[in-house]
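The values are calculated or read from the model by the stated rules, or taken from the named source; none is laboratory data. What you see is a predicted model, and the numbers here were worked out from it, not measured in a lab. Note that we place each Cβ from the backbone using ideal geometry, even for glycine, and neighbour counts take in every protein chain shown.
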Amino acid sequence: MAFQSGEGQTEDYLFKIVLIGDSAVGKSNLLARFARDEFYSNSKSTIGVEFQTQKMEINGKEVKAQIWDTAGQERFRAVTSAYYRGAVGALLVYDISRRQTFDSIGRWLNELQTHSDMNVITILVGNKSDLKDAREVTTAEGKVLAEAQGLFFIETSALDSSNVTAAFQTVVRELFNILSRKVI
Ligand code: GDP
Ligand code: MG
């Protein structure tokens, strides 16, 4: 979803971005770190809140990202179609220390494509990069999968803040660029 206000010289952009990926990969903590610079060592971060709106500046323009977090439905593989409705961007997250969460990526991509009527700008996010000794998925494997699927790629740590802002910004900047091209 993207809106232009048309009032004077201000242009408002609002992008719905969804967080998806297996349970406990760190989706809620990525949002908590990005939006509030907080981290939770337990699963309290998955609060019932549907979405959080975050202002960002891209090329001197104010852009709002409406970032949706699951309320834990992914545990039962029951993320609703309402969750995906209108999404233009996605962070597809796995945990670099749990291979099974990487193996689930294909299923999440299918689900995303099934529920959206457009090409959703997606970044593959290998979270928990701080867990170096427990790594089960190499950086190269993440890159290869992302390239094969036409996704952006980044490794992050919600714990030590590494690349968290960059992950969200990559998606928002690409959406902004696509939209500005269309407007012109
Ligand atoms: P969600 O189910 O995908 O929303 O995952 P959560 O954000 O609730 O995180 C699940 C667990 O992983 C929690 O215990 C977090 O503290 C932990 N966690 C999340 N991100 C990181 C990270 O970057 N590094 C480490 N070491 N732990 C993390
Ligand atoms: Mg959560």
(request) Kindly check whether there is at least one residue in segment 113-125 that is more than 25 Å from Glu50 (Cα to Cα) and within 15 Å of ligand 1 (Cβ to nearest atom). (result) no
(message) What's the total number of residues in segment 65-79 that are under 24 Å from Arg36 (Cβ atoms) and either assigned to a loop (DSSP other than H, G, I, E, B) or more than 14 Å from ligand 2 (Cβ to nearest atom) (or both)?
(response) 7
(request) Could you check, for segment 142-165, whether at least one of its residues is over 15 Å from Phe34 (Cα atoms), near ligand 1 (Cβ under 10 Å from one of its atoms) and among the aliphatic types (A, V, I, L, M)? (result) no
(request) For segment 134-155, name all the residues that are among the charged types (D, E, K, R) and surrounded by 14 or more Cβ atoms within 10 Å (Cβ to Cβ). (result) Arg135, Glu136, Glu141, Lys143, Glu155
(message) On the basis of being touching a residue at least 40 places away in the same chain (Cβ under 8 Å), surrounded by 13 or more Cβ atoms within 10 Å (Cβ to Cβ) and either within 16 Å of ligand 1 (Cβ to nearest atom) or of a type outside the set (Asp, Glu) (or both), does Leu131 make the cut?
(response) no
(message) Please determine whether any residue of segment 77-97 is surrounded by fewer than 22 Cβ atoms within 10 Å (Cβ to Cβ), more than 18 Å from Val171 (Cβ to Cβ) and of a type in the set (Lys, Arg).
(response) yes
(request) Could you grab me the full set of residues in segment 56-100 that are under 24 Å from Ala146 (Cβ atoms), of a type in the set (Lys, Arg) and touching an Asp or Glu at 6+ places or on another chain (Cβ under 8 Å)? (result) Arg98, Arg99
(request) For segment 138-174, enumerate the residues that are part of a helix (DSSP H, G or I), more than 15 Å from Gly106 (Cα to Cα) and among the aliphatic types (A, V, I, L, M). (result) Ala140, Val164, Ala166, Ala167, Val171, Val172
(message) Being of a type in the set (S, T, N, Q), at pLDDT below 90 and within 26 Å of His115 (Cβ to Cβ) is the filter here; which residues of segment 1-55 pass it?
(response) Gln4, Ser43, Ser45, Thr46
(request) Take Gln100 and decide whether it is under 23 Å from Arg77 (Cβ atoms) and free of Cβ contacts under 8 Å to residues at least 60 places away in the same chain. (result) no
